[in-house]
Amino acid sequence: FRRWLMLANPRLTDLLREACGEAVLDDFSQLERLEARASDNAFQQQFRAVKHHNKIVLARLIGERLGVKVDPAALFDVQIKRIHEYKRQLLNIVETVALYHAIKDEPQRDWVPRVKIFAGKAAASYRSAKLIIKLINDVAEVVNNDPVVAGRLKVAFLADYNVSLAEVIIPAADLSEQISTAGMEASGTGNMKLALNGALTIGTLDGANLEIRDHVGPENIAIFGMEALDVVVRRKQGLDATDVIRRSPQLSRAINAIGSGEFSPDDPGRFETIAHALRHLDHYMVSADFDAYYEAQRGIDARWQVVPAWTRASILNVARMPWFSSDRTIREYAQDIWNVPVHGTPPQGLQQPGVQRGATR
């Protein structure tokens, strides 16, 4: 918490000190006092002002590094993590292509402006992951320069991902992408850091997303798609996805565009292997989960437009994150495993039976 709130997001920290008292810096359970302020209009305005400042900082960095101008008032949709097929950056960028096509088809509609922000590294020999990075950058090149879209959709892949870059991205995020194939994410802490800084999560019911849902409330997180047992059943039936693609015109069009070179005119066959995998080797359930993900994203669009409700959910994500503090975890290890004295009384509401794996990594 200290790095990912107090160091990375000093303006939010100052607001929390004002709302919850100075003790919040040492006892994160004090964040629960935010709940009483979650619907307060004046506090919501202060909270949004902090987020907007952080988004201006990230927008400036994107402009400096990529030469891409993004609007800080747009929804900042963030997926930052190691590039791996099971983490499904591919699902995110395929949905981006489908959204791009939808905007092109109906440019007169009142679309929610959205900035898709990716960052992460791939293992040196991981060819598929590197090809996904190339696809994201090629889609960005087309989308960001299409006058028909007119800035309502932007894509940014920030290279050389590290902690310093994360400290700029995480405080600015509106939406946290935690969309790994169900049953494959043991746990992570990126989703915790983003929620702590007021991002709403869109994700599968997997890894620490389960615990985040339990603590922030199912109404303050967007869960979609297959669960782990569904994935097992689907894989037993085979990896061919032509059935789900046939039923989804948006997915079919997006895969055809990727495979035929719409985003790689200099090398039309560059992404043929990705298109083939999406159709016939859907091990990570990208095609199988696409429609559920696309619908969940349109639900996010609708929520974003109701500003007080979005802000309230964002504040409640911050208020309900104390359980994920390593202070709580270490206290439980001391009591339940190491059998060593714990100085002082555990803060109210943080003492939980057992040790939960999802919050310890």
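Within the range 198-214, is there a residue that is outside any loop (DSSP other than H, G, I, E, B), farther than 30 Å from Ala38 by Cβ and of a type in the set (Lys, Arg)? Taking every residue of the range 198-214 in turn, none turns out to be outside any loop (DSSP other than H, G, I, E, B), farther than 30 Å from Ala38 by Cβ and of a type in the set (Lys, Arg). Taken over the range 246-271, residues that are among the hydroxyl-bearing types (Ser, Thr, Tyr) and at positive phi amount to 0. From (1) in contact (Cβ under 8 Å) with a residue 12 or more places away in the chain; (2) surrounded by 20 or more Cβ atoms within 10 Å (Cβ to Cβ), pick out the condition that doesn't hold for Leu61. With respect to (1) in contact (Cβ under 8 Å) with a residue 12 or more places away in the chain; (2) surrounded by 20 or more Cβ atoms within 10 Å (Cβ to Cβ), Leu61 is out only on (2).
Scanning the range 69-81 for residues that are buried (at least 16 other Cβ atoms within 10 Å of the Cβ) and of a type outside the set (Asp, Glu) returns Val70, Pro72, Ala74, Leu75, Phe76, Val78, Gln79, Ile80, Lys81. Applying the set (1) surrounded by 13 or more Cβ atoms within 10 Å (Cβ to Cβ); (2) more than 27 Å from Val143 (Cβ to Cβ); (3) out of contact with any strand residue (DSSP E or B) (no Cβ under 8 Å at 6 or more places or on another chain) to Ala257 leaves exactly one unmet item: (2).
Give the number of residues within the range 236-246 that are assigned to a loop (DSSP other than H, G, I, E, B), out of contact with any Ser or Thr (no Cβ under 6 Å at 6 or more places or on another chain) and touching a residue at least 12 places away in the same chain (Cβ under 8 Å). So the count comes out to 2. Among the residues of the range 276-284, none qualifies, meaning not one is touching a Gly at 6+ places or on another chain (Cβ under 9 Å), under 30 Å from Asn9 (Cβ atoms) and surrounded by fewer than 18 Cβ atoms within 10 Å (Cβ to Cβ).
The rows are residues; the columns are (1) in a helix (DSSP H, G or I); (2) small (Gly, Ala, Ser); (3) touching a residue at least 60 places away in the same chain (Cβ under 8 Å).
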residue	(1), (2), (3)
Ile258	yes, no, yes
Asp267	no, no, no
Leu278	yes, no, yes
Arg298	yes, no, no
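When Ser128 is tested against (1) within 20 Å of Gly259 (Cα to Cα); (2) not in a helix (DSSP H, G or I), exactly one condition is not met: (2). Restricting the range 2-22 to residues that are crowded, with 20+ Cβ neighbours inside 10 Å and touching a residue at least 40 places away in the same chain (Cβ under 8 Å) leaves a set whose member that is nearest to Ala38 (Cα to Cα) is Leu16.
On the stretch given as the range 196-207, residues that are touching a Phe, Trp or Tyr at 6+ places or on another chain (Cβ under 8 Å) and within 22 Å of Phe28 (Cβ to Cβ) total 4.
Note on the range 150-197: among residues that are in a loop (DSSP other than H, G, I, E, B) and of a type in the set (A, V, I, L, M), the one that is nearest to Gly120 (Cα to Cα) is Ala159. For Arg88, the criteria (1) touching a residue at least 60 places away in the same chain (Cβ under 8 Å); (2) on the phi < 0 side of the Ramachandran plot hold in every case but one, which is (2). Across the range 324-339, a minimum of one residue is classified as assigned to a helix (DSSP H, G or I), buried (at least 21 other Cβ atoms within 10 Å of the Cβ) and either aromatic (Phe, Trp, Tyr) or at pLDDT 95 or above (or both).
The values are calculated or read from the model by the stated rules, or taken from the named source; none is laboratory data. Every value quoted in this text rests on a predicted model; they were computed, and no experiment measured them. Every residue, glycine among them, receives a Cβ derived from its backbone with ideal geometry; neighbour counts consider all protein chains shown.
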